[in-house]
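Working notes, beginning with the structure itself.
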Amino acid sequence: MDLLDSMKVYVLTVEKGSLSAAADACAMSATMAGNHVRALEERLGMQLMHRTTRRQHVTAFGEDYYARCKEILRLVAETDAQAHAMRLAPAGTLRVSAPVTFGVEALAPALPDYLARYPEVDVELDISDRVVDLMDGGCEAAIRIGQLAPDSSLVARPLAPYRLMLCASPAYLARRGMPDTPADLAHHDCLSFGAAGIAQWRFQRDHDVCQVPVQGRVKINNGQALRTAALQGLGVVLQPTILLEADVRAGRLVQLFPDFELPSRPVHVVYLPDRYRSPKLRSFIDFVVERFGEPTP
C-alpha cells in the first residue's frame, strides 16, 4: 500500500476517533481503512492503536507517530502546492529576437517593466536584422516588421504599425532652406538606407499621393547611423518614428511635412503554437501586446 495514503488514513482515524469516520473521509470502506493502519503497524513493527469492539485508543508510540505523520503530510502538500505554483508562474530564461531599431529603441527600454512584473524570468534578447528561425529552438518569440509569409506556421499577434518620420537638423535647414513641398526633396541631400541608387519616397495627403525620387551623398545601411548623420546636418532622414521622435521633442531635429502620411509597415510578435503553453512565453506575449499594441479608442 502507498505509505502516504496509509499515513493519511491513520491521521484521520486519530482525529475523527474511528476507522469508519476516516474511511468515509477517504471515500473507502472501513475494511480498507483498517488494512492501511495494519500495514503501517507491520511496517513499523509497533502497535499504533489498542482496539476493542467498542473503542480504540492511540498508544504512546501512536501519539508520537501521529504528530510526525501530520507534519510529513503537511510538508508533502506544501511541496506539491509550490511545484504547482511554479508550473503556473512565469519562470526561467526567455530568448527573444528583435530587429535592431525596434529592439534598441522600444523593446530594450521596456524590459525593466517586464522583469519587475515577472521577477523569476530572465531575458536573452537577440538584436539583429536577420530573420531568426524559431524552429531551431534558439528563440521562443520574435518581433517581425513587414508582411509575414502567408504560409507561415507561426502564430502572429499584431502590434501597432511601424510608422516613419521625416526630419532634418536645424543646422541643415538653415543652410539649405526648408522644403515647401515633398517634391522639393528632389533638390535636397537625402540620407538613403542601403546602397540603392535613387530612392523613391512616398507621401500621401487625403487622396493625393506623390512619389519623390531622392538622392544624396550619404547612404548607410543602419538606422541609428542615419540618425547620427542627420543630427550632424548631413541631410534629410526618413526613419522610424521610435528612432527620431525624442530628437524632435528635444529640438535636435525638425519634423518635415507632419500633415502628410508616410508609409507604415505591419509589426507582429510571432511564436510557435506549441510553445504558448509556457507561462513565461505567455507572459511576454501579453506584455508586448499590452505595451506595443494599438491603443484602444
Apart from one, (1) under 30 Å from PHE260 (Cβ atoms); (2) part of a loop (DSSP other than H, G, I, E, B); (3) not aromatic (Phe, Trp, Tyr) all hold for VAL131; the odd one out is (1)
Members of the stretch 40-65 found to be open to solvent by less than 80 Å² (accessible area, probe 1.4 Å) and touching a Leu at 6+ places or on another chain (Cβ under 8 Å), listed by number:
LEU40, GLU41, LEU48, GLN56, VAL58, THR59, PHE61, GLY62, TYR65
Out of curiosity, is VAL37 free of Cβ contacts under 8 Å to residues at least 40 places away in the same chain and either aliphatic (A, V, I, L, M) or exposed (fewer than 15 other Cβ atoms within 10 Å of the Cβ) (or both)?
yes
Mind checking which residues of the stretch 220-241 are in a helix (DSSP H, G or I), open to solvent by less than 50 Å² (accessible area, probe 1.4 Å) and among the β-branched types (Val, Ile, Thr)?
THR241
Answer yes if at least one residue in the stretch 189-209 is over 30 Å from VAL96 (Cα atoms), small (Gly, Ala, Ser), open to solvent by less than 20 Å² (accessible area, probe 1.4 Å) and within 35 Å of the chain's Cα centre (by Cα), and no otherwise.
no
Please go through the stretch 253-291 and pick out each residue that is of a type in the set (A, V, I, L, M) and either in a loop (DSSP other than H, G, I, E, B) or without any contact (Cβ under 8 Å) to a residue 24 or more places away in the chain (or both).
LEU253, LEU256, LEU262, LEU272
If we keep only residues of the stretch 79-113 that are polar (S, T, N, Q) and either modelled with pLDDT under 90 or assigned to a helix (DSSP H, G or I) (or both), then the residue least open to solvent (accessible area, probe 1.4 Å) is THR101
Scanning the stretch 1-31 residue by residue, those assigned to a loop (DSSP other than H, G, I, E, B) and open to solvent by 60 Å² or more (accessible area, probe 1.4 Å) turn out to be MET1, ASP2, ALA27, SER29
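Give the residue that is modelled with the lowest pLDDT, with candidates limited to residues of the stretch 239-297 that are among the aromatic types (Phe, Trp, Tyr) and under 30 Å from ALA89 (Cβ atoms).
Taking the candidates together, the pick is TYR276.
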I need the full set of residues from the stretch 159-176 which are in contact (Cβ under 8 Å) with a residue 60 or more places away in the chain, more than 14 Å from ALA250 (Cα to Cα) and not charged (D, E, K, R), in order please.
LEU159, ALA160, PRO161, TYR162, LEU164, MET165, LEU166, ALA171, TYR172, LEU173
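The values are calculated or read from the model by the stated rules, or taken from the named source; none is laboratory data. Fair warning: this is a prediction, and the values are worked out from it, not measured in the lab. Reconstructed Cβ throughout: ideal geometry from the backbone, glycine too, with neighbour counts over all protein chains shown. Please note that ligands, DNA and RNA were not included when accessible areas were found on the heavy atoms of the full protein model with its side chains. Shrake-Rupley method; radii C 1.70, N 1.55, O 1.52, S 1.80 Å.
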